[in-house]
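Asker: Before I ask anything, here is the structure I am working with.
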Amino acid sequence: MEALQRGLTVECVQQRFSGEATRLGARFAHELLIGNTQVRVWGGESTVSLPALPGRGGRNQHVALAAARFLPGYPQLLLLAAGTDGTDGPTDAAGGLVDSETCARMACAGLDPDDCLSRADSATALAAADALVRTGPTGTNVADLVIGLKLPPLRT
């Protein structure tokens, strides 16, 4: 509602998403980039296949980290992936908010996003980039929520 009041175009994707979080993160970033709306909202639940010794994180943090890999060079794009209950996996974060600089901030901290994804260590990567979203418990659990924002181009 707030986006509409601000004059932004909004699309709520009717079909719930499901599937592997890494692929979904790439898909969401791509749809946001090529789409015509400024705000795009998806709801559903992803999955993450855990390695033998997983790191820290949850499926929403995994989606956000996967999307972040496709955002460098697109400063007009931001993507939030979060659990409506305020938690994601065994962490105190609800998810992550990523932009075109997220992966650069990880690199400055000595982290590789692809390596963190393969180790299911998205919380460590997003924390290093100051991209974790912490809401605290919300008292509700509707679904996981992904919101993409496509800002208008900057005028110089």
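Bear in mind that the values in this text are calculations on the coordinates, not laboratory data. Because the structure is predicted, anything quoted here is derived from the model rather than measured. Please note: Cβ atoms are built from the backbone with ideal geometry, for glycine as well, and neighbour counts cover all protein chains shown.
Asker: How do the strands (runs of 3 or more DSSP E) wholly within region 1-55 filter down when requiring 2 or more residues that are of a type in the set (Val, Ile, Thr): which remain?
Answerer: Those strands (runs of 3 or more DSSP E) span 39-47.
Asker: Filter region 43-56 down to the residues that are surrounded by 19 or more Cβ atoms within 10 Å (Cβ to Cβ) and either in contact with a strand residue (DSSP E or B) (Cβ under 7 Å, 6 or more places away or on another chain) or polar (S, T, N, Q) (or both) and list them by number.
Answerer: Selection gives SER46 alone.
Asker: Among ARG23, ARG40, ARG59, ARG27, which is closer than 25 Å to ASN141 by Cα, without any contact (Cβ under 8 Å) to a residue 12 or more places away in the chain and either surrounded by 13 or more Cβ atoms within 10 Å (Cβ to Cβ) or under 15 Å from the mean Cα position of the chain (by Cα) (or both)?
Answerer: ARG27
Asker: A further question follows. Is it the case that region 114-123 has a residue that's exposed (fewer than 15 other Cβ atoms within 10 Å of the Cβ) and touching a residue at least 40 places away in the same chain (Cβ under 8 Å)?
Answerer: Yes, region 114-123 contains at least one residue that is exposed (fewer than 15 other Cβ atoms within 10 Å of the Cβ) and touching a residue at least 40 places away in the same chain (Cβ under 8 Å).
Asker: Pick from ALA107, ALA94, ALA67, ALA81: which is over 24 Å from PRO153 (Cα atoms) and crowded, with 24+ Cβ neighbours inside 10 Å?
Answerer: Working: ALA107 fails: crowded, with 24+ Cβ neighbours inside 10 Å; ALA67 fails: over 24 Å from PRO153 (Cα atoms); ALA81 fails: over 24 Å from PRO153 (Cα atoms).
After applying the criteria, what remains is ALA94.
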